[in-house]
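Report on the following structure.
The values are calculated or read from the model by the stated rules, or taken from the named source; none is laboratory data. Here the structure is a predicted model, which means the values were calculated and not measured. All Cβ positions, even for glycine, are placed from backbone atoms using ideal geometry, and neighbour counts span all protein chains on display.
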Amino acid sequence: MLPTDLLSFRYHGETIAPKKLEIDDRNLATAHQLIQCFLEAQGCTQGDLDRQLQDLEGDTPDYRIKRGLAHILKSNLSTFEVVSPLEPQELRQRVFTLAATTVPCKESTVTTLEKLAHQLSQELKREVLPVEIKAGLYSDLNENKILTEFDCPTPEALLHRYNLSQVQGVFYRATAIKITAHRNDPGEYKLLFRYLKLFQLMAYIEGDADYGFTITIDGPTSLFKPSTRYGLALAKMLPALLHVTKWSLEANLQTRDPFSGNWKQGRFSLNSECDLVSHYPPGKTYDSALEESFVDRWNSTKTEWKLEREVDLIPIPGSVMIPDFRLVHPDGRSMLLEIVGYWRPEYLQKKFAQVRKSQCDNLILAVSERLNLEKAGVKVKDVPVPIVWFKDKLLPKQVLSVLE
C-alpha cells in the first residue's frame, strides 16, 4: 500500500474519488522502466537503488506517480537483507576491539581487517575476505541492505497494484464501512469472512446465503483513539472483497481539509463493477489436508449421500457460520457437516458457542479426540448436535452411521 503523502484524491463535495492510472502505453512504459531498474539493482545496496530511482524521477511533474510505483516495488515485491559474515553489531565489536590495540592509521586498518578475516575464516570454516568485513560493518543500516530477491511483476500488474493502493488509502480515515455482499457462491463468502478475522476487524454480519449479507465494519476513527494500524488492516481487506462476485460498499470518512486543516466528513462508494484487480490468491479448495483426505475417501465410498463443499451458511446473531460440507440424499434429506480439528482454546470456545447460537437442527460436528475440550471450557453435554469423534483421520462410515 501507499503512504499518505503518495495518495491522490479528487473531491466532489463530500465525495472522495481516488486518482487512478490508465492502463495505456505511456504508463506501461513508465512501469516497465521502473521494473527494469529493480531487476538491474539485484545484488546492489538499497542506497544504490534509491539513487537510481531518484535519477529516474528527475524533475518531471509525474514524480509522485513514479515514486508511488517504486514504493510498491520496494515494499511489496523486494527483499532486502543484511549481508555480513557476523551480525553487524557483533562484527563492529570485534573490529573495534582489535583496532584499539593499534595506532590509528591506514596501514593498521588494513592489518586489522586482514587479521579478523583470518580469525573468522577459521571460526566459520570458510574463506572470509577483508572486503566482506568492511562491507558488513554497517550492513544493518537500511541504505546498506542488499536487494537479494525481486518478485518481478508485469507492467500491467504493477499499474493495477498502484490503482488498488490508491483506493485502499481511502480507508485510512474511515469511521464506518458498510458492505452489501449480494447472493454469491458460499465459498466466496467464506474467503471474505476469513480475511475479516485475519485482520482482526470489528464486524457485525447480518443476512443469509439466499439473499446475501450486510457487513458493518467499524473504522479506525470510530475508536476511542484513531489507530493507523487498524486503518491499514481495514485497507488490506479490500483485495479479499474483490474475489466476491457481486457486492457494493459505502464508507464514511473523516478527512482533514488541506487548506484550513479542519476535520470534515467525506463519503466513498465502490462496487463489484469497478476495474480493480486483486493480488490476493483465490481461496484454497480445502482448508486442511484432513478435509481433502475425507473427500477422497467419501468419493470412493458407495453411498447415495452426495457430498458438497461450503454451499450453506448458517446465520447467527452478529456473525455467520459456514459448515465445511453439506450432505444431500436423493430423498431430499440434507445435513451439514463441520470438522473441528483446530486446538486453540479461543477457537474451540467460539466454535461451540456458534453451534449453540445457531439452533441448527441438521448439523453434525466431527471432533478430534486429540482436542482438550475440557481445558478449553467446552462441555460436551451442552452441545445440542450429534458429534462424530475421530483420531488421525475422519472416516466416511463414521459420518454415515450418524446419517442413517
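Number of residues in region 1-41 that are surrounded by 15 or more Cβ atoms within 10 Å (Cβ to Cβ), over 19 Å from LEU276 (Cα atoms) and in contact with a strand residue (DSSP E or B) (Cβ under 8 Å, 6 or more places away or on another chain) equals 2. For region 87-143, taking the residues that are more than 25 Å from ARG51 (Cβ to Cβ) and touching an Asp or Glu at 6+ places or on another chain (Cβ under 9 Å), the one that is surrounded by the most Cβ atoms within 10 Å (Cβ to Cβ) is identified as LEU120.
Look at ILE16 and say whether it is under 27 Å from TYR172 (Cα atoms) and in contact with a Ser or Thr (Cβ under 8 Å, 6 or more places away or on another chain). Here the answer is yes, as ILE16 does meet what is asked.
Which of (1) in contact with a strand residue (DSSP E or B) (Cβ under 8 Å, 6 or more places away or on another chain); (2) outside any strand (DSSP E or B) is the odd one out, the single condition SER165 does not satisfy? Only one criterion is unmet by SER165, namely (1). Residues that are among the acidic types (Asp, Glu), more than 26 Å from the chain's Cα centre (by Cα) and within 23 Å of PHE294 (Cβ to Cβ) do occur in region 389-398, at least one of them.
Summed over region 245-274, residues that are acidic (Asp, Glu) and in contact (Cβ under 8 Å) with a residue 60 or more places away in the chain total 1. Among residues belonging to region 354-400 that are out of contact with any strand residue (DSSP E or B) (no Cβ under 8 Å at 6 or more places or on another chain) and assigned to a helix (DSSP H, G or I), point out the one that is surrounded by the fewest Cβ atoms within 10 Å (Cβ to Cβ). Checked region 354-400; the qualifying residue surrounded by the fewest Cβ atoms within 10 Å (Cβ to Cβ) is LYS381. Listed by position, the strands (runs of 3 or more DSSP E) contained in region 255-339 that have at least 1 residues being modelled with pLDDT of 80 or more and crowded, with 16+ Cβ neighbours inside 10 Å are 263-271, 306-309, 314-316, 325-328.
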